[in-house]
Amino acid sequence: MMIKGLSVLILALAATGASAQTGPIGTLQCTGKSVTIRMSIIKPGQLALFKKAVADHQAWYAKNNNGTKVAYVRLTQRGAGGTLSYDDSAAMTVVTYDSKPQPKHDDGYAAFVKEYQDSSTVKDEHRGCMG
C-alpha cells in the first residue's frame, strides 16, 4: 500500500511541474526536476518538532534565494472496518530541487538537520528525476 501511495504522490507531483529544468542527480542528467523523497518514522510526541524542521528547511532555502521546495506529506492509515485516519507516527517529505546550485551548509542548515534528527528517523530515501 505504501508503494501505491508513493507512486500516486510522484505522479501528482509530476503533473504539477510547470517547466522542465536540467540538473544533475549524481552523474545522471535530469531533464525534469530532481527530487528526494524520504519516509520518516516520527518519534513519540515529536510531530510538532518534525513539522518545524520541514518549515525551517524550506525557510533556509528561501533565505538563501534558492527555489527548492520542501513539502510535508501527512500519511494515512486504514483502521478496523476500513476507516481512514491520519498516521502521526510516520511522514514523508518531498524536496523538489531548484536548478541553481545548492547553498553552502551553514548554522541554519545544521539547526534544521538537528530538528529532523531529534524528531524522526529516516526509514527510506529515494532520489529521482520527475519529468
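The values are calculated or read from the model by the stated rules, or taken from the named source; none is laboratory data. Computed from a predicted model, the values in this text were never measured in an experiment. Methodologically, a virtual Cβ is constructed for each residue, glycine included, from the backbone with ideal geometry; neighbour enumeration extends over all protein chains shown. These accessible areas exclude ligands, DNA and RNA; they are computed on the full protein's heavy atoms, side chains included. Shrake-Rupley method; radii C 1.70, N 1.55, O 1.52, S 1.80 Å.
Taking first residues from region 87-112 that are touching a residue at least 24 places away in the same chain (Cβ under 8 Å) and partners that are open to solvent by 60 Å² or more (accessible area, probe 1.4 Å) and of a type in the set (Val, Ile, Thr), the Cβ contacts under 9 Å between residues at least 6 apart in sequence or on separate chains come to 89/41; 90/41; 91/41; 94/10; 99/22. The set of residues in region 101-125 that are open to solvent by 90 Å² or more (accessible area, probe 1.4 Å) and modelled with pLDDT of 95 or more comprises 104, 105, 107, 114, 117, 123. Which one is modelled with the lowest pLDDT, of the residues in region 24-45 that are over 28 Å from residue 88 (Cα atoms), surrounded by fewer than 17 Cβ atoms within 10 Å (Cβ to Cβ) and not hydroxyl-bearing (Ser, Thr, Tyr)? The extreme case among them is 24.
Once region 61-110 is narrowed to residues that are assigned to a loop (DSSP other than H, G, I, E, B) and of a type in the set (S, T, N, Q), the residue that is nearest to the chain's Cα centre (by Cα) is 68.
You will find that of 53, 48, 14, the residue that is assigned to a helix (DSSP H, G or I), at pLDDT below 90 and closer than 25 Å to residue 123 by Cβ is 14 and no other. Out of the residues in region 46-76 that are touching a helix residue (DSSP H, G or I) at 6+ places or on another chain (Cβ under 9 Å) and small (Gly, Ala, Ser), state the one that is surrounded by the fewest Cβ atoms within 10 Å (Cβ to Cβ). Going through the qualifying residues, I end up with 48.
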